[in-house]
Amino acid sequence: MTRIQPRTVPQRAFAALADAGLHPLLARLYAARGIARADELDTSLRALLPPEALRGTREAAQLLADAIEAGARLVIVADYDCDGATACAVGVRALRAFGADVHYLVPDRVTLGYGLTPAMVEIATRLEPDVLITVDNGIASVEGIAAARAHGMATVITDHHLPGEVLPEADVIVNPNQPGCDFPSKALAGVGVMFYTMLALRAELRERGAFAGGKEPNLAELLDLVALGTVADVVRLDRNNRILVAQGLARMRAGRMQPGLRALFNVAGREPARAAATDLGFLLGPRLNAAGRLADMSLGIECLITDDAGRALNIAQELDKLNRERRTIEAGMQEEALIRLEGYDAGRRATVALFEPDWHQGVIGIVAGRIKERLHRPTVAFARAGDGELKGSGRSIPGLHLRDALDLVTKRHPELIVRFGGHAMAAGLTIREADLAEFDEAFEAVVAELLEPADLERRIETDGGLESGYFALDAVRMLDNEIWGQGFPAPLFDDVFRVERQRLLKDRHLKLELSRNAARYDAIRFNHAEGAADQIRAAYRLSVNEYKGVANVQLMLEHFEPA
């Protein structure tokens, strides 16, 4: 069952924002999202939290500055998702601008798995690094860091994932979630952590007089990469992250971006001048992620670090091709998953655990997310990883911290999970194929204990009804220019409409003509073939539909029910 639940709008906050000159609609939306004063909406760089507030940045800056002065070789070990790719690109571009000898490696998802493993260190030794830097990984790499140190490498971890009980013995750790770090923004993405580390390094080099004879590198030029990785990793958009994203989007809209991002906009058919946060999450991010899922994320990183526009476009076209292939694979896996779930009893189960022998490791996370959305249950999808093991990717629902749930499974069944890690809403794990049934039972028991029955009921939070005057292009574009995302959701309204007409598009999408107060509206609900009643209560977003050069407001329906 799905319940529509309008957000509460604190009237004092709404009045304060409106009195400060904010548009009434924006004042209402921001007040409902916890904004109480207009100055909280300042997205200028001067409002960014300072680098020295992030534990480890000064020590990392000193180590890296010493390495650059000594002509040491630096090697970045990246992650194979969009956050890891953008973090690596920020590191490579900044360090090269500082005069460093820097190279990078990224593990193969299938053969090497996630993070700085001892096997990854052995591969890194071929580049003869003096300093090994992790981006978007490393906080759980106890054995990998030990292996690197055994080879005589200095080690710097930049990560944002939650640490385990034992920290790696790295020379420096920069992670807002490490013990003893008081940095106010715990939601930094991996790319944000690397950006902060580079800010601190520039400050250290400045103190040493490194830029006395020339122009100081402008790290603001990397904010397009920071914005992309932050949105694509679906981290919470607290104020600090909103500043990073707003600054990055402003550069994109002004045409000041890396050639690789311009090329990705090109193949996605989107104008950078009208870039929105949703474009980063749903157009650019998936194309980069496709490289890590189906091929080698080095392809995505090369797209982001090349200054050759032609080469960037060629790589972006290859990434676009991989993304189309990924969608085809995903569609087949999702169909198989739905067949498996035909007998699923949502009234009796709190979780879903799925496995098919031929599923692709790179796509199981997307499938888990789709099933989670459909059933509103924490979901883990597994694929074979060789040597009798399964790799799983999980997605959670509000109310369940997935990594903590897996940790509890491990405490109760110490030999069941080989390894795991992740966040509140997404996590990865490895189990033995022979233990799948036992994991399913243990995971179900833990989640059923942690969740209340109300948590298993889907709730759609909306911003209530929308005045007729706001069903206009200028209102839609005003909303699109704001920064929305995880923890700061895009506007979603709900109203009662009469259904005047409805038809199916491509046998998959329901196209409707709705009316309210004598006004008519075009609407669509994607991937929904079931017809609507004559009168419905709908939760919807405003969008612009352009056809043959004519732009009209269209309602994107996320849910409807008879009214």
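Okay, here's what the table says:
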item: Percentage, to the nearest whole number, of Cα pairs in the stretch 81-150 over 19 Å apart; result: 33 percent
item: Charge sum, other residues only, whose C-beta stays under 9 Å from Gly113's C-beta, Lys/Arg counted +1 and Asp/Glu -1; result: +2
item: Rounded to whole Hz, the Karplus (6.51, -1.76, 1.60) HN-Hα couplings of the stretch 8-17, x for glycine and proline; result: 7, 10, x, 5, 5, 5, 4, 5, 5, 5
item: Shape parameters for the stretch 176-272, alpha-carbon atoms, Rg then Dmax in Å; result: 15.3, 45
item: Residues of type aspartates and glutamates that Lys411 reaches as a straight line, Cα spacing below 19 Å, ignoring anything fewer than 8 places off in the same chain; result: Glu165, Asp435, Glu438, Asp440, Glu441, Glu444, Glu449
item: Sites Arg348 and Arg501 - FRET efficiency at Förster radius 30 Å, r taken between beta-carbons, to 0.05; result: 0.15
item: Aspartates and glutamates whose Cα lies under 15 Å from that of Lys506, excluding same-chain neighbours fewer than 8 positions away; result: Glu530
item: Cβ-placed point charges (K, R +1; D, E -1), dipole of the stretch 46-321 about Cα centre in debye, nearest 20; result: 1040 debye
item: Tensor-based shape of the stretch 1-49 (alpha-carbon gyration tensor, a/c under 1.5 rounded, otherwise prolate or oblate); result: oblate
item: Cα centroid separation - the stretch 1-40 against the stretch 387-466, whole Å; result: 34 Å
item: Convex hull volume of the stretch 268-383 per residue (C-alpha atoms, cubic angstrom); result: 115 Å³
item: Dimensionless Rg/Rh of the stretch 46-321 - Kirkwood Rh, Rg from C-alpha atoms; result: 0.94
item: Cross-link reach list, lysines versus Lys391, counting only Cα pairs under 19 Å and skipping chain neighbours closer than eight places; result: Lys372
item: Assigned charges on the beta-carbon of Lys, Arg, Asp, Glu; the chain dipole about Cα centre (debye); result: 1700 debye
item: Given charges at Cβ of Lys, Arg, Asp, Glu: the stretch 341-456 dipole, positive-most of Phe382, Val418, His401; result: His401
item: Along each principal axis, Cα extent of the chain, largest first, Å; result: 74, 59, 47
item: Exposure proxy order (Cβ contacts within 10 Å, fewest to most) of Val409, Val234, Val174; result: Val234, Val409, Val174
item: Inverse of mean 1/r across different Cα pairs in the stretch 93-228, Kirkwood, Å; result: 16.0 Å
item: The chain: relative contact order in percent, alpha carbon pairs under 8 Å with at least 6 residues between; result: 11 percent
item: In the stretch 1-106, the trypsin sites (Lys or Arg not before Pro) that fall in loop regions by DSSP, at most 13 other Cβ within 10 Å; result: Arg37
item: Expected 222 nm ellipticity per residue - DSSP helices of 4 or more, -39500 (n - 2.57), all of the chain, to 500; result: -12000 deg cm²/dmol
item: Centre separation in Å (Cα based) which lies between the stretch 46-94 and the stretch 226-241; result: 18 Å
item: The stretch 165-232: GluC sites (Glu not before Pro) falling in loop per DSSP and having at most 15 other Cβ within 10 Å; result: Glu165, Glu169
item: Theoretical gain in end-to-end length, Ala146 to Asn314 [0.36 nm per residue, Cα-Cα removed]; result: 56.6 nm
item: Quotient of C-alpha Rg and 2.2 N^0.38 Å, computed over the stretch 460-562; result: 1.05
item: Cβ-based net charge around Phe211, under 12 Å, with every Lys or Arg adding one and every Asp or Glu removing one; result: +1
item: Range of Cα positions in the stretch 341-456 per principal axis (Å), largest first; result: 40, 31, 25
item: Set of the stretch 2-27 residues, backbone N closer than 19 Å to the point 7 Å along the Cα-Cβ line of Arg37; result: 10-23, 27
item: With 10 Å bins from 0: P(r) over the stretch 166-217, alpha-carbon pairs, percent; result: 21, 40, 28, 11, 0
item: Separation of the Glu128 and Asp108 label points, Cα + 7 Å toward Cβ, nm; result: 2.6 nm
item: Taking Lys321, Lys548 and counting other C-beta atoms within 10 Å, the order from fewest to most; result: Lys548, Lys321
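All of the numbers you see were taken from the coordinates with simple rules; none came from a lab. All of these numbers come straight from a predicted model, not from anything done at the bench. Here Cβ is always computed from backbone atoms with ideal geometry, including for glycine, and neighbour counts include all displayed protein chains.
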